[in-house]
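The values are calculated or read from the model by the stated rules, or taken from the named source; none is laboratory data. Everything quoted here is computed from the prediction, not taken from an experiment. Counting neighbours? That spans all protein chains shown, and the Cβs are built from the backbone with ideal geometry, glycine included.
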Amino acid sequence: MKDFSFKIPQDIIFGKGSLSRLPEVLKEANCKKVLLVSDHGLESVGVVAKVEKIITEAGLGYAQFLDLQPNPTIDNVNAALEVYKSSGAESIIALGGGGPMDVAKSVGLLATYGGKVTDYAGFGKVPGPVVPMIAIPTTAGTGSEETASSVITDSETHFKMAVISYYLIPGYALLDPELIMTVPAKIAAACGVDAFVHAEEAYVSKMANPFTDAMAEKAMELIGGNIRQFVASRDNEEAACNMMLGSTLAGIAFAWAKLGDVHAMSHPVSGFFGVAHGVANAILLPTIVEFNALADNGRYRKIYNYITNGKKADDSFVPQMLVDELKKLNAELGIPAKLSDVGVTEDKIPAMVADTMKSGNVLVNPRQTTPKDVEALYRSLL
């Protein structure tokens, strides 16, 4: 067994209605004035106002920043940082999916140490702890409330850079399944597959260890066993609880085991074409699983068992069965089969290949991957 390290430097509060416990979390974190980072979509359905009311009733001051894109940019971070500074905030609440959390992490970093986001791109460049952060996810997908990453797009180059440091893991994660029970089916599907990809890639990663395996396996069990029911009916309380917990466990798994070619290739798809991250991941997953089959050491059979609704593989199992099952799952959930279906065009392939190879996730993918491999994989999905 290879050497590894693992920790969860975070307080996690899980339960239906647990949003009501925000005041005690704010008190424990010694928050006096907070910046609430969210988006206009959550504002339009009343979630932002609900959180603002809780903050106000707790006797705390707050400012808000809602002007961000689904794939947040450097400009979004800089604008949010100005609000943080001008308001006198000293802590941050990230409310939403991956976008608000990515922005919140980068704002916390720059508010503490100054500079530009690009100064910290890559792994281990954050010098120490950042301002207190509380993460409140409203999707069962990104797992960003648990991760060490902030992914930000450079609008000029379309490159999605990742700032990676365990100092960026929010000190508190407040997981309330009620917050995901009203999302549209389309978003529930894309986010749900995204969460499954996190667990699957962590599970087959070259950096996987017994702790991340335990998290990833439980995540795949929860997500694979509930995603169809949850997408069909988001008010299914049991399915919602299982999806949210599965997403969180997957986030913990990949925070330590990293990911693979799916994420390395999906980031350029989002950067150049604005495709939602979860959708890009879902489209790429079956193709990358097929590519990685050559390196399978028996884990594909376990993954297959998690997504087949009770049907278990016998000794006749071959990796192509998992590929076919993933394609079937995407079709059932209404996810497009090809990158061309979501607007990806051939002319950007050289640039996307170059950006893919900049990702550290390529290095931990179970099968060694060359630029020619990446090009062929992209072309197979057009």
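Restricting attention to region 173-186, report how many residues are touching a helix residue (DSSP H, G or I) at 6+ places or on another chain (Cβ under 8 Å), touching a residue at least 60 places away in the same chain (Cβ under 8 Å) and either surrounded by fewer than 21 Cβ atoms within 10 Å (Cβ to Cβ) or farther than 27 Å from residue 131 by Cβ (or both). Give the steps one after another, and end with the answer.
First pass over region 173-186, keeping only residues touching a helix residue (DSSP H, G or I) at 6+ places or on another chain (Cβ under 8 Å): 173-181, 183, 185.
Then drop every residue that is not touching a residue at least 60 places away in the same chain (Cβ under 8 Å), which leaves 173-180, 185.
Now drop any that are not either surrounded by fewer than 21 Cβ atoms within 10 Å (Cβ to Cβ) or farther than 27 Å from residue 131 by Cβ (or both), which leaves 177-178, 185.
Looking only at that region, the number is 3.
Any idea which residue in region 166-192 is farthest from residue 11 (Cα to Cα), counting only those that are among the aliphatic types (A, V, I, L, M) and in a helix (DSSP H, G or I)? Lay out the reasoning, then the answer.
Let us first name the residues in region 166-192 that are among the aliphatic types (A, V, I, L, M), namely 168-169, 173-175, 179-181, 183, 185, 187-190.
Of the ones still in play, those that are also in a helix (DSSP H, G or I) are 168, 179-180, 185, 187-190.
Details: 168: 14, 179: 19, 180: 20, 185: 30, 187: 27, 188: 26, 189: 28, 190: 27 Å.
For region 166-192, the residue satisfying everything is 185.
If a residue must be outside any loop (DSSP other than H, G, I, E, B) and in contact with a His (Cβ under 8 Å, 6 or more places away or on another chain), how many such residues does region 329-364 contain?
Restricting attention to region 329-364, the residues satisfying the condition of being outside any loop (DSSP other than H, G, I, E, B) are 329-332, 339-342, 346-356, 361-364.
Checking which are in contact with a His (Cβ under 8 Å, 6 or more places away or on another chain) leaves us with 351, 355-356, 361.
Here the count works out to 4.
Any residue in region 201-219 that's touching a residue at least 40 places away in the same chain (Cβ under 8 Å) and of a type in the set (S, T, N, Q): show its pairings with residues that are surrounded by fewer than 18 Cβ atoms within 10 Å (Cβ to Cβ) and not in a helix (DSSP H, G or I) at Cβ separation under 6 Å, as long as the two are six or more apart or on different chains.
Between residues of region 201-219 that are touching a residue at least 40 places away in the same chain (Cβ under 8 Å) and of a type in the set (S, T, N, Q) and residues that are surrounded by fewer than 18 Cβ atoms within 10 Å (Cβ to Cβ) and not in a helix (DSSP H, G or I), the close pairs are 209/4.
Only residues that are assigned to a loop (DSSP other than H, G, I, E, B) and either free of Cβ contacts under 8 Å to residues at least 12 places away in the same chain or not assigned by TED's automatic domain parsing to the domain that holds residue 144 (or both): list them for region 82-127, please. Spell out the reasoning first.
Taking region 82-127 and keeping what is assigned to a loop (DSSP other than H, G, I, E, B), we get 88-90, 97, 114-116, 121, 124-127.
Within region 82-127, 114, 115 meet the criteria.
Mind listing just one residue for me: the one in region 27-44 that is among the hydrophobic types (A, V, I, L, M, F, W, C) and modelled with pLDDT of 90 or more and, of those, surrounded by the fewest Cβ atoms within 10 Å (Cβ to Cβ)?
Applying the first criterion (among the hydrophobic types (A, V, I, L, M, F, W, C)) to region 27-44 yields 29, 31, 34-37, 42.
This time we only want the ones that are modelled with pLDDT of 90 or more, so: 34-37, 42.
Numbers: 34: 27, 35: 27, 36: 23, 37: 32, 42: 20.
Result: 42.
Inside region 134-165, can you point out the residues that are more than 30 Å from residue 226 (Cα to Cα), in a loop (DSSP other than H, G, I, E, B) and at pLDDT 90 or above?
The answer is 165, and nothing else.
Which is charged (D, E, K, R), out of contact with any strand residue (DSSP E or B) (no Cβ under 7 Å at 6 or more places or on another chain) and modelled with pLDDT of 95 or more, of 347, 355?
Numbers: 355 fails: out of contact with any strand residue (DSSP E or B) (no Cβ under 7 Å at 6 or more places or on another chain).
Within the list 347, 355, the selection yields 347.
Can you tell me which residues in region 137-178 are under 16 Å from residue 195 (Cα atoms), touching a Leu at 6+ places or on another chain (Cβ under 9 Å) and not polar (S, T, N, Q)?
137, 140, 143, 145, 146, 148, 175, 177
(1) within 25 Å of residue 27 (Cα to Cα); (2) touching a Gly at 6+ places or on another chain (Cβ under 7 Å): which one isn't true of residue 170, the others all being true?
Failing condition for residue 170: (2).
List, please: which pairs have Cβ atoms under 8 Å, are six or more places apart or on different chains, and start with a residue in region 63-80 that is without any contact (Cβ under 8 Å) to a residue 60 or more places away in the chain and end with one that is acidic (Asp, Glu) and crowded, with 16+ Cβ neighbours inside 10 Å?
64/52; 66/39; 68/39
Restricting attention to region 89-112, and to residues there that are closer than 14 Å to residue 62 by Cα and in contact with a Leu (Cβ under 8 Å, 6 or more places away or on another chain), which single residue is surrounded by the most Cβ atoms within 10 Å (Cβ to Cβ)?
93
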